[in-house]
Amino acid sequence: MTVSSFHPPSRVLMGPGPSDIHSRVLQALGRPVIGHLDPEFIMMMDEIKGLLHYAFQTTNQMTLPISAPGSAGMECAFVNLVEPGDNVIVCVNGVFGGRMVENVERCGATAIKVVDDWGTPIDLNKLEDALKANPGVKAVAFVHAETSTGVQSDAAAISALAQKFDALTIMDAVTSLAGTPVLVDEWKIDACYSGTQKCLSCVPGLSPVTFSERALETIRGRNHKVQSWFLDLNLIMGYWSSEGATRSYHHTAPVNTLYALHESLVMLKEEGLENAWKRHAKNHLALKAGLEALGLTLLVEEGYRLPQLNAVKIPGGVDEALVRRRMLADFGIEIGAGLGALAGKVWRIGLMGQSSSPRHVTLVLSALEGTLT
Ligand code: PLP
């Protein structure tokens, strides 16, 4: 068998992530490798921390990108904060809330589930009832932007409830960061993680995380060692949080991927967070209007819709997989299938990061029209 270089086809990425990437970010990836303890590299790491403070709207000292995808950010939050015997309330209204339950249980803790229908936000009354019925829960965990359904929940209100009952908050912001407001300090979120491949429009494979001082106190007061060596923040701190010369090797950082993250965060700073949020909102409205003109409707009720992830109901009699295949083959456009309980019921159209532009909206609408008729 002869194997030659791999050249990926040209695609327009409009699924649930990864999103399209700007040439500036791709060029950053191709810069020369330097050592992960090189003083110049460490200066860049410090800049990444500063830029992540901006993206998360936090001053948390413990803010850094984990060298692995969003799922590792999720695990990092749970393995560091949750110990055997703890009780954790997990709000489940889609696939990723379900994964949080798995994480809690794998930490040897009990997950108390607050379940809502897929396509609806987390119900605050149910959460309050669960907090009243289970005094002493360690944390409330929830997904801010459920990628499986396109729903956004009220993070500020969820966090306020958790504080009222003296519980920590663990928030998944994989799909929300840089697409809709994520205000970690204002909302008093204790642990928050994201991914690089969605609204940050960077390559997949890194998970920015941030932990509050209260979360760090909880970690310092643990009775058991963190069960994961790689994700133990006490150890990662030695590489990401120490001053210059005292930084020590923990793992070989993904040097070039971090160049790419740095560039995408510089681009976010240049645009400005609020402008990025406005851009995502505006392109969502244009997409919605175009979908309605095609006779298509969104799954989620107005007011709870994520502008960056649009779950579109599949009309009766349409072979949804064939539509996606034709969109890819004839137009080079990737849109997402439904996940879990919504498989076969919705398409997921992402307008994330660089893929949130008037050009993308027009392309996907005309391709859908061409495919459906
Ligand atoms: N959480 C949410 C809400 C997600 O959408 C995803 C990925 O789509 C993840 C977690 C997991 O991230 P990754 O696929 O980068 O591991």
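Where a number appears in this text, it was derived from the coordinates with a stated rule and is not lab data. Model, not experiment: these values are computed from the prediction. Ideal geometry is used to build each Cβ from the backbone, glycine not excepted, and the neighbour counts take in all protein chains shown.
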| said: Between Glu47 and Glu302, what is the label-point separation in nm under the 7 Å Cα-to-beta-carbon projection? | reply: 4.4 nm
| query | Cross-link partners among lysines for Lys288, C-alpha distance below 19 Å, same-chain residues fewer than 8 apart left out? | reply | Lys278, Lys313, Lys345
| said: Please list 3J(HN,Hα) in residue order for the stretch 24-33, calculated via the Karplus relation 6.51 cos²θ - 1.76 cosθ + 1.60 where θ = phi - 60°; whole Hz, with x for glycine and proline. | reply: 4, 6, 5, 5, 4, 4, x, 6, x, 6
| Residue order, fewest to most beta carbons within 10 Å, for Asp154, Asp166 | Asp166, Asp154
| Residue order, fewest to most surrounding Cβ atoms within 10 angstrom, among Met352, Met100 | Met100, Met352
| message | How high is the relative contact order of the chain? Use alpha-carbon pairs under 8 Å, at least six apart in sequence, and give a whole percent. | response | 25 percent
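Between Glu217 and Ser241, what FRET efficiency comes out of the Förster formula 1/(1 + (r/R0)^6) with R0 = 22 Å and r the beta carbon distance, rounded to 0.05?
The computed FRET efficiency comes out at 0.90.
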| said: Given a Förster distance of 45 Å, report the FRET efficiency between Ser4 and Ala289 from their Cβ-Cβ distance, rounded to the nearest 0.05. | reply: 0.50
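Please list the three semi-axes, largest first and in whole Å, of the ellipsoid equivalent to the chain, using sqrt of 5 times the eigenvalues of its alpha carbon gyration tensor.
33, 28, 17
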| remark: Highest GNM mean-square fluctuation among Ile66, Ile42, Ile189, for the chain with Cα springs under 10 Å, belongs to Ile42
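Quick one: putting +1 on the C-beta of Lys and Arg, -1 on the C-beta of Asp and Glu, what dipole do you get for the chain around its Cα centre, in Debye to the nearest 20? Let's see the in-between values first.
Values: 31 positive and 38 negative charges, 109 e Å.
Result for the chain is approximately 520 debye, rounded to the nearest 20.
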| If you stretched the chain out fully between Arg11 and Lys345, how much longer would it get, using 0.36 nm times the residue separation minus the C-alpha to C-alpha distance? | 117.8 nm
| Inter-label distance, nm, simple model (7 Å from Cα along the C-beta direction), Arg31/Leu183 | 3.4 nm
| query | Between Glu102 and Ser248, what is the label-to-label distance in nm when each label sits 7 Å out along the Cα-to-Cβ direction? | reply | 3.4 nm
| note | Here FRET efficiency (C-beta to C-beta, Tyr54 to Ser366, R₀ 35 Å, nearest 0.05) is 0.45
| query | Using the C-alpha atoms of the stretch 19-105, what convex hull volume per residue, in cubic angstrom, is computed? | reply | 160 Å³
| query | Which whole-angstrom value gives the distance between the alpha carbon centres of the stretch 285-355 and the stretch 219-233? | reply | 41 Å
| So what is the relative contact order for the stretch 151-259, in percent, with contacts set as C-alpha pairs under 8 Å and at least six apart? | 16 percent
| query | So how strong a dipole does the stretch 139-220 carry about its Cα centre when Lys and Arg Cβ are +1 and Asp and Glu Cβ are -1, to the nearest 20 debye? | reply | 120 debye
| Positive-pole candidate from Pro16, Val90, Gly136, dipole of the chain, charges at beta carbon | Pro16
| message | With θ taken as phi - 60° and the coefficients 6.51, -1.76 and 1.60, list the Karplus ³J(HN,Hα) couplings across the stretch 131-144 in order, rounded to whole Hz; mark glycine and proline as x. | response | 5, 5, 6, 10, x, x, 5, 6, 7, 10, 10, 7, 9, 5
